[in-house]
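Below is one structure; the comments refer to it alone.
The values are calculated or read from the model by the stated rules, or taken from the named source; none is laboratory data. Keep in mind that what you see is a predicted model, and the values were worked out from it rather than measured. Using ideal geometry, Cβ is built from the backbone for each residue, glycine included, and neighbour counts are taken over all protein chains shown.
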Amino acid sequence: MKNIKAPPDSWNCKVLLSRIPKNGEPLDETFELELCAPIEHWGQEYAPNGPVAASARFSFANERILASVSVRASFCLPCSRCLRETHVDAAGELKYLFSLRPLKDARDEDEGSEDEEIDVIQVDSFQAELDITQCVWEVLLLCLPERALCSAGCKGLCPICGRDKNEGDCGCRDDNMDPRLAVLRDLDV
Ligand SMILES: [Zn+2]
Ligand SMILES: [Zn+2]
């Protein structure tokens, strides 16, 4: 199965604009998104443990649309020390502002939200539907942990013999031993 590097064609995260209240009240939508192959990211494979749960809250604000996009998913990937298959949870949220006006103007007018990270997406016109599929994909990639650890105290693999040191001491000495001493040690065996 080929790894996924872009949102699958089956993903369809759209909302009808007519459903978002004009008075600024939010509209909540949820999307259950299937992943039929591992995601390739950070140079490794994230094997899905089920569908990706995405939710979005849409609201009109000064003729622009604010979308808060949340993503939750669970994956398996190798422990970065011992390579054992490890479960990781990924969860994150980003805010997007869909605006007809240039990016700079839209950003400047956002009062009281200076602390908040909002991605401004300029659109030529508002269609009947707003598609946030790419946003969902972006949030998912951003919240994928770069490394997994099977446990905080994972001892990893022995750099000399490759044995999993969590399963016991292999007896190798991985310090930079003086080669002359190493000869003596080998004689001792
Ligand atoms: Zn480990
Ligand atoms: Zn060893």
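Worth pointing out:
- Unmet criterion (only one of (1) farther than 19 Å from Leu94 by Cα; (2) basic (Lys, Arg); (3) touching a Ser or Thr at 6+ places or on another chain (Cβ under 7 Å)) for Arg81: (3)
- The single residue among Asp175, Asp186 that is farther than 29 Å from Ala90 by Cα, more than 16 Å from ligand 1 (Cβ to nearest atom), part of a helix (DSSP H, G or I) and at pLDDT 60 or above turns out to be Asp186.
- Test set (1) closer than 20 Å to Ala128 by Cβ; (2) of a type in the set (Phe, Trp, Tyr); (3) modelled with pLDDT of 95 or more - Phe75 fails condition number: (1)
- Pairs with Cβ under 6 Å, 6+ apart, first in segment 118-131 and assigned to a strand (DSSP E or B), second at pLDDT below 90: Val120/Leu103; Val120/Ala106; Val120/Arg107; Gln122/Leu103
- Neighbours by Cβ (under 8 Å, 6+ apart or cross-chain): first from segment 140-155, in the same structural domain as Ser80 (by TED's automatic domain parsing) and farther than 15 Å from Cys76 by Cβ; second assigned to a loop (DSSP other than H, G, I, E, B) and more than 10 Å from ligand 1 (Cβ to nearest atom): Glu146/Trp42
- Residue match in segment 1-16 (condition: within 16 Å of ligand 1 (Cβ to nearest atom) and among the basic types (Lys, Arg)): no
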